[in-house]
Amino acid sequence: MIANRWAQLLLAAGISFANPLHSSRNSAQFQAKCASIASELEVEHATVYFSQFVAAGQNISISDRNATCGAPYQVVPAHICRIALYVATSNSSGINMEAWLPANFSGRFLSTGNGGLAGCIGYDDMSYTTSLGFASVGANNGHNGTSGGAFFNQPEVVADFAYRSVHTSVIVGKEITKQFYGSPHRKSYYLGCSTGGRQGFKSAQDFPEDFDGIVAGAPAISFNNLISWSGHFVNITGTPDSETFVPAKLWFIVHQDVMKQCDMLDGYADGILEAASICNYNSTGLICDSNSTNSSSCLTAIQADTVQKVFEPLTLSDGTLVYPRMQPGSEIVAANALYNGVPYAYNVDWFRYVIYNDPNWNPLTLNDTDYIIAALKNPSNIQTWKGDLSAVQKRGAKILHYHGQMDAIISSENSPRYYEHVSQTMGLSPAKLDDFYRFFRISGMAHCVGGDGASAIGQRLNAWESTDPSENALMAVVDWVENGNAPETIIGTKWVNGTKSAGVEYKRAHCRYPKRNVYKGEGDPKAIDSWECVED
């Protein structure tokens, strides 16, 4: 049943079963080739650990996976040859990587990315993309686990994290693909979100030959500034025993007030902000009056000031922008992530083990000087803020950039800022930029996945409904690259109670920037055609 289901989806994705490795007879040949490839591979600076055939539907054991990276297993929907290896990147660093080669190879190569400061191979993304016929690679970013401790006094490991891991795994992965199938790939793609989104843009900026199509979500670009921003909230909120602190239950009240003030900006009150950037929230209406007897439903004046400050951009004392504001609409999730009165782990690790190489650095002292030092040090140019993407444009490659409008980890305000930066740097209007780079704001999407809205857009294994390019960001960029069909919208799916197995609640077509979605004023608000993309 599993094999049949995925076969139907592969056909829907336009992947032919004429591949000679797919027949029953050649299935045995595929398995034999997989068994022997480990000893046959010739990869410079590499040590091949093993190669193994994995049958469709098998739940593979990943016994050596770092406990902080997730479960030590992964279901694999399609027949693949799994190859694991180590590649030295310098005299003191290297990456662990895997290449998953599907029996029903479409001719497409794909690299996955990573998240946070993590050294975790994206097995779920590799499972997803190999099921669609991509030969897929993933790497551990030069270290294992989610801690930044591996960076301490190790600039080469930082370089792997900043850029070298993805680029190396792409070079090696393409060579493995060629050696295994006997011919090179036809097209090369990238899929990643968060740090993975930054890695996608790093590739576009510094290694434009690596990919023909890039899907980059919620990118952690302006990286050093982002890390500074994510750490500054504890100085606003204070610790949980401070009078400035706002408990999670009050952030729920704030969220309701945000919706009261801003939900109708798109013409319909559904608890979803279509363009959070136009919401200018004011918290003063929640201040308890002198007769209030229930402080669980209102704020003190000091707490209201805290709320106001978290929605302000981070600037230096002279007004210079460090990083844009947190967008309204994300506060319920952010209450437990950035507004919880605890120093943010990525900020702590980055400053301790990279910027200062001082394990005793105190995150509660974070200030303007730290913001400036981090930006100036910019190890391995991890900032990822180059505005000139002309090399991508000239070779005909495409970039599909998306960002959720209720992201509580990376402000969605930074993505249009980068889009405008590229536009200004290259001197291209949105109409011209759209020829190779399109940005989509995804209403109701949290950080990379989930949220209150139609957030399933084919961005990862458990966030897709269809392989139709109109509803799947990955297949949209494939269609754009290979057939010249540039996406005007990306249709997202909202599942009943947020559960895919419960069925579809509604779908919504998310607009390409600078357009935004508005309700037409009539018709079923859950119907796609009741909404339209407009420019302000």
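Figures for the structure shown
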quantity: Under 15 Å from the Ala527 label point (7 Å along Cα→beta-carbon), backbone N, the stretch 505-520; calculated: 506-509, 519-520
quantity: Under Karplus coefficients 6.51, -1.76 and 1.60, residue-wise ³J(HN,Hα) of the stretch 451-460 in Hz, glycine/proline x; calculated: x, 8, x, 7, 9, 8, 10, x, 7, 6
quantity: Accessible surface of the chain [probe 1.4 Å, protein heavy atoms]: carbon and sulfur percent; calculated: 50 percent
quantity: Long-range HN-HN contacts of Gly116 with modeled amide H, under 5 Å; calculated: Thr195, Gly196
quantity: Global geometry of the stretch 387-432, whether rounded, prolate or oblate, following the gyration tensor of its Cα atoms and the 1.5 cut on a/c; calculated: prolate
quantity: Nearest 10 degrees, 0 to 90: helix 2-12 Cα axis against the chain principal axis; calculated: 80 degrees
quantity: Spin-label model distance (nm) - Tyr86 vs Asn360, 7 Å beyond Cα toward Cβ; calculated: 3.4 nm
quantity: DSSP beta bridges in the chain [antiparallel fraction, %, rounded to 5]; calculated: 60 percent
quantity: In Hz, Karplus ³J(HN,Hα) per residue of the stretch 276-287 (6.51, -1.76, 1.60; θ = phi - 60°; x = Gly, Pro); calculated: 4, 5, 9, 8, 10, 6, 10, 8, 5, x, 9, 5
quantity: Helix 223-237 vs. the chain, principal-axis angle (Cα, 0 to 90°, nearest 10); calculated: 40 degrees
quantity: Percentage of interatomic Cα-Cα distances in the stretch 226-380 larger than 18 Å; calculated: 61 percent
quantity: Accessible area per residue, Å², the chain with all protein chains present, probe 1.4 Å; calculated: 38 Å²
quantity: Ranked by how many other beta carbons lie within 10 Å on average, peptides 411-417, 152-158, 110-116 from highest; calculated: 110-116, 411-417, 152-158
quantity: Computed lengthening from Ser39 to Asp318, 0.36 nm per intervening residue step minus Cα-Cα distance; calculated: 94.3 nm
quantity: Three-way shape call for the stretch 397-536 based on the alpha-carbon gyration tensor, with the a/c threshold at 1.5; calculated: prolate
quantity: Tilt relative to the chain, helix 301-310 - C-alpha long axis, 0 to 90 degrees, to 10; calculated: 30 degrees
quantity: Matching label, volume of the Cα convex hull per residue in Å³ computed from the structure shown, candidates (1) 154; (2) 163; (3) 143; calculated: (1)
quantity: Any cysteine of the chain lacking a neighbouring Cys Cβ under 4.7 Å - listed by number; calculated: none
quantity: The chain, relative contact order in percent, only Cα pairs under 8 angstrom and at least six apart counted; calculated: 12 percent
quantity: FRET efficiency, Ser390 to Val496 (Cβ-Cβ, R0 60 Å, nearest 0.05); calculated: 0.85
quantity: Cα shape, the stretch 304-400, gyration tensor, a/c 1.5 rule; calculated: oblate
quantity: In nm, spacing of pseudo-spin labels at Ser242 and Thr425 (7 Å Cα→C-beta vector); calculated: 3.5 nm
quantity: At 1.567 mPa s and 4 °C, Stokes diffusion of the stretch 188-314 via Kirkwood alpha-carbon radius, µm² per second; calculated: 74 µm²/s
quantity: Cross-link pairs Lys260/Lys515; Lys500/Lys520; Lys309/Lys520 - those with Cα-Cα distance over 26 Å; calculated: Lys500/Lys520; Lys309/Lys520
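The values are calculated or read from the model by the stated rules, or taken from the named source; none is laboratory data. Note that this is a predicted model, so its numbers are computed, not measured. Every residue, glycine among them, receives a Cβ derived from its backbone with ideal geometry; neighbour counts consider all protein chains shown. In case anyone asks, the SASA skips ligands and DNA or RNA and just uses the protein heavy atoms, side chains included. Shrake-Rupley method; radii C 1.70, N 1.55, O 1.52, S 1.80 Å.
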